[in-house]
Structures are given as structure tokens and as C-alpha cells.
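The values are calculated or read from the model by the stated rules, or taken from the named source; none is laboratory data. These figures come from a predicted structure and were not determined experimentally. Here the Cβ positions follow ideal geometry from the backbone for every residue, glycine too, while neighbour counts run over all protein chains shown. Accessible surface is based on the protein model in full, side chains and every heavy atom, while ligands, DNA and RNA are left aside. Shrake-Rupley method; radii C 1.70, N 1.55, O 1.52, S 1.80 Å.
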Amino acid sequence: MTSTNAAAAPHTSVSTHILDTSVGRPAQGVAVSLSAREGSGAAWAALGKSATDPDGRCKDLPALPEGTTHVRLDFGTEDYFLGQGQGPAVVAADQQADAQQDAPANRDSGAFFPEVAITFAVKPGEHYHVPLLLNPFGYSVYRGS
């Protein structure tokens, strides 16, 4: 027997993807953590972790608990920019892209943003797609569809 309250509870979900705008392709292998809280004064609760797939997407983030008002996505960008966990073809593509930039040595110097934390408000029953446009020295996010 299904509870009426459980059936009526709105489902709120989050998805994301990352595009490395410095090379014009999805950012594969970036660690992503999802946290939520109920109100601006509440403590953050970790909900799950994932990593971006070859298309730069996280398709397995959990649904948000009922009562969630704020969500935080934490992206571990440092390992991505340092080339850890990437195959030889990806590293070679990075080197080729760097050779075409005005200051390729800057990209090799590490990650200016070793992590990116995005916090946003949510309403029950809605889906939130939050793309991250990333490059070694900047980033941009928006609410997608």
C-alpha cells in the first residue's frame, strides 16, 4: 500500500555537465559532489558523489530530499586541469590546444580554480540543470533546461 503523502510529494532533481571552453569539448572525469540543506541557516548534508562521463555529464546524482531549499554542487577541477585520470588521447589533445594558445605555459602551471562551488535555491517539484563552462582561468554557470 502506497502512502498518499509519498505519492503526492514533488520530486526535485539536479543534473549538470561541464564544457571545457579552452579546448571546446566536454570535461571528462571531473569529480562532482552534491549537498543540500533546508534553509539558509541549516547545515549542509552530503547527498552523493559522481564524476563527469565522456560527454561531460553527471547522470547519476540522487533526487533531493523533501524540504530542500538550497543545493550546492562542488566540482573538483584541479585534477582535471592537471591531467590526472585522463587517457593519452585527452592529454595529447590538451597539448595540441595549448600549443595554439598565446600563453600555453599558463595552463601547465596548475589550476587557478582548484574547485568550483555553486550554490543555488530550489523549489519542490522542479528539475535544475546547472551547466559549468570551464577554462583554466575562469568559469560561468547558468540554469539550463
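A few remarks follow.
- Selection of segment 116-125 for residues being modelled with pLDDT under 95 and surrounded by 11 or more Cβ atoms within 10 Å (Cβ to Cβ) yields only PRO124.
- Restricting segment 17-56 to residues that are among the hydroxyl-bearing types (Ser, Thr, Tyr) and part of a loop (DSSP other than H, G, I, E, B), the residue that is least open to solvent (accessible area, probe 1.4 Å): THR52
- Selection count where residues are open to solvent by 60 Å² or more (accessible area, probe 1.4 Å) and not small (Gly, Ala, Ser), scope segment 126-145: 6
- Among the residues of segment 96-112, at least one is open to solvent by 50 Å² or more (accessible area, probe 1.4 Å), among the aliphatic types (A, V, I, L, M), modelled with pLDDT under 65 and over 15 Å from LEU132 (Cβ atoms).
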